[in-house]
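Colleague: I have a structure here, written as structure tokens, and I will follow up with some questions on it.
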Amino acid sequence: MKAVWRSRLESSNLKNINKMPYQIYHFNSLTSTQDKAKEFAKKGLDNIIIVADKQTEGRGRFKRKWHSDKNGLWMSILLKPKNVQNLQYLTFAAAIAVVESIKKIANLNTNIKWPNDVHYKGKKLCGILTEGIFGKENCIIVGLGLNVNQNKFQNEIKNTATSLKIVKHKIINIRKLMKSILDEFFYFYNNYYATNKLGKILNIWKKDCDTINKDVKIITKTKTLHGKVVDVDNDCNLLLKTKRNKIIKIIEGDVNVRY
Ligand code: BTN
């Protein structure tokens, strides 16, 4: 499938000219691609991709700042799925699409850290933020931030983040990477998410995830837990076995998992 690469200015002609499942809108700079996707959602559109070279107010999960100067891939996928019961699986599908595409385009093996960070040797390469607008029609926005060609990072994140360029010592083609991620994502979305074959997504996700079988420290707002991750259940929760052999279910929330 081929992507439509549109100019910065929104076109009023929203016809899908090449029978592709999505259209791409590219901007030099936005506050956040999530905000722009929300504007498109209000117009009743879906299967729209918003990409920006730079975001001035990029955000991560739990309203954390997401550093998004130039040289990264900052993109939001606007969808109108029939089923919005299993949204975590959309995030999982996006994470797999990123891992598989990095392997294909940058020849690098990366892993997913539960719930949805893609990292290389413990340093974060990509984060995913899934947001919903619920009403008469439900819209979902899967936002994906991937560090591609940055040479360095701000002090706040320089010990925890890395980019493909830093790891591979070469510039990676952002557009090729984006196209591959979209193709992979829409494959999972159409063939598995929309048809409710969620187990297929979970099985692939588990292969790419390195959190299972790891000894971890889980930091929540109120406590710190230590244990071994034994599995991720069908609701995408982490199952942690404590030293006393108790299994605790960790629900995705404002928790910090450390290896
Ligand atoms: C996280 O790890 O906390 C998720 C980060 C998600 C960042 C992306 S970049 C594109 C989209 N626009 C945003 O403002 N956020 C997401």
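The values are calculated or read from the model by the stated rules, or taken from the named source; none is laboratory data. Not measured: the values here are computed from a predicted model. Cβ atoms come from the backbone with ideal geometry, glycine included; neighbour counts cover every protein chain shown.
Colleague: Give the residues of the stretch 193-209 that are of a type in the set (Lys, Arg) and under 19 Å from Asn109 (Cα atoms), sorted by residue number. Full working, then the answer.
Modeller: Going through the stretch 193-209, the residues of a type in the set (Lys, Arg) turn out to be 197, 200, 206-207.
Residues satisfying the conditions are Lys206, Lys207.
Colleague: Scan (1) within 12 Å of the ligand (Cβ to nearest atom); (2) more than 23 Å from Lys170 (Cα to Cα) for the single condition Val51 breaks and write down its number.
Modeller: It is condition (2) that Val51 fails.
Colleague: Shifting gears a bit: Hey, among the residues in the stretch 212-234 that are under 14 Å from Arg258 (Cα atoms) and among the aliphatic types (A, V, I, L, M), which one's surrounded by the most Cβ atoms within 10 Å (Cβ to Cβ)? Give the derivation first.
Modeller: As a first pass, look at the stretch 212-234 and keep what is under 14 Å from Arg258 (Cα atoms): 212-220, 223-229.
Cutting the leftovers down to among the aliphatic types (A, V, I, L, M) gives us 212, 216, 218-219, 225, 229.
On the way: Ile212: 15, Val216: 20, Ile218: 18, Ile219: 14, Leu225: 15, Val229: 22.
My answer is Val229.
Colleague: Something else now. Out of curiosity, is Leu87 more than 9 Å from the ligand (Cβ to nearest atom) and in the same structural domain as Ile174 (by TED's automatic domain parsing)? Working first, answer last.
Modeller: Details: more than 9 Å from the ligand (Cβ to nearest atom): yes; in the same structural domain as Ile174 (by TED's automatic domain parsing): yes.
Against the criterion (more than 9 Å from the ligand (Cβ to nearest atom) and in the same structural domain as Ile174 (by TED's automatic domain parsing)), Leu87 qualifies.
Colleague: Out of (1) over 12 Å from the mean Cα position of the chain (by Cα); (2) more than 12 Å from the ligand (Cβ to nearest atom); (3) among the aliphatic types (A, V, I, L, M); (4) buried (at least 19 other Cβ atoms within 10 Å of the Cβ), what's the single condition that is false for Leu182?
Modeller: Just one mismatch for Leu182, condition (1).
Colleague: Only residues that are out of contact with any helix residue (DSSP H, G or I) (no Cβ under 7 Å at 6 or more places or on another chain) and in contact (Cβ under 8 Å) with a residue 12 or more places away in the chain: list them for the stretch 82-101, please. Walk me through how you get there before you give the answer.
Modeller: Let us first name the residues in the stretch 82-101 that are out of contact with any helix residue (DSSP H, G or I) (no Cβ under 7 Å at 6 or more places or on another chain), namely 82-85, 87-88, 91.
Selection gives Lys82, Asn83, Val84, Leu87, Gln88, Thr91.
Colleague: Follow-up. Is it the case that some residue within the stretch 62-72 is near the ligand (Cβ under 9 Å from one of its atoms) and in a strand (DSSP E or B)? Walk me through it before giving the result.
Modeller: Of the stretch 62-72, the ones near the ligand (Cβ under 9 Å from one of its atoms) are 62, 64, 66, 68, 72.
Restricting the remaining residues to those that are in a strand (DSSP E or B) gives 72.
Scanning the stretch 62-72, I find at least one residue that is near the ligand (Cβ under 9 Å from one of its atoms) and in a strand (DSSP E or B), so the answer is yes.
Colleague: Can you tell which of Asp231, Asp235, Asp183 is touching a strand residue (DSSP E or B) at 6+ places or on another chain (Cβ under 6 Å) and among the acidic types (Asp, Glu)? First the steps, then the outcome.
Modeller: Details: Asp235 fails: touching a strand residue (DSSP E or B) at 6+ places or on another chain (Cβ under 6 Å); Asp183 fails: touching a strand residue (DSSP E or B) at 6+ places or on another chain (Cβ under 6 Å).
One residue alone meets the criteria, Asp231.
Colleague: Under 7 Å between Cβ atoms, at least 6 apart or on separate chains: pull out the pairs that start in the stretch 160-185 with a residue that is within 15 Å of Asn107 (Cβ to Cβ) and end on any residue that is among the aromatic types (Phe, Trp, Tyr).
Modeller: Pairs found: Val167/Tyr120.
Colleague: Still on this structure, please answer the following. From the list Ala106, Ala97, pick out the single residue that is modelled with pLDDT of 95 or more, more than 12 Å from the ligand (Cβ to nearest atom) and buried (at least 23 other Cβ atoms within 10 Å of the Cβ).
Modeller: Numbers: Ala106 fails: buried (at least 23 other Cβ atoms within 10 Å of the Cβ).
It is Ala97.
Colleague: Please enumerate the residues belonging to the stretch 48-61 that are part of a loop (DSSP other than H, G, I, E, B) and within 16 Å of the chain's Cα centre (by Cα). Reasoning before the result, please.
Modeller: Initial filter on the stretch 48-61 (part of a loop (DSSP other than H, G, I, E, B)): 56-58, 60.
Once the filter is applied, which keeps residues that are part of a loop (DSSP other than H, G, I, E, B) and within 16 Å of the chain's Cα centre (by Cα), the stretch 48-61 yields Gly58, Gly60.
Colleague: Go through (1) within 16 Å of the ligand (Cβ to nearest atom); (2) surrounded by 15 or more Cβ atoms within 10 Å (Cβ to Cβ); (3) assigned to a helix (DSSP H, G or I) and name the single condition Thr130 misses.
Modeller: (3)
Colleague: Ok, one more. What pairs come up if the first residue lies in the stretch 237-250 and is farther than 18 Å from Tyr89 by Cα, the second is of a type outside the set (A, V, I, L, M), and their beta carbons are under 6 Å apart, counting only those six or more places apart or on different chains?
Modeller: The qualifying pairs are Leu240/Gly227; Lys241/Gly227; Lys241/Lys228; Thr242/Gly227; Ile247/Lys241.
Colleague: Also, quick follow-up: Every residue in the stretch 133-168 that is within 16 Å of the ligand (Cβ to nearest atom), hydrophobic (A, V, I, L, M, F, W, C) and over 18 Å from the mean Cα position of the chain (by Cα), please.
Modeller: Phe153, Ile157
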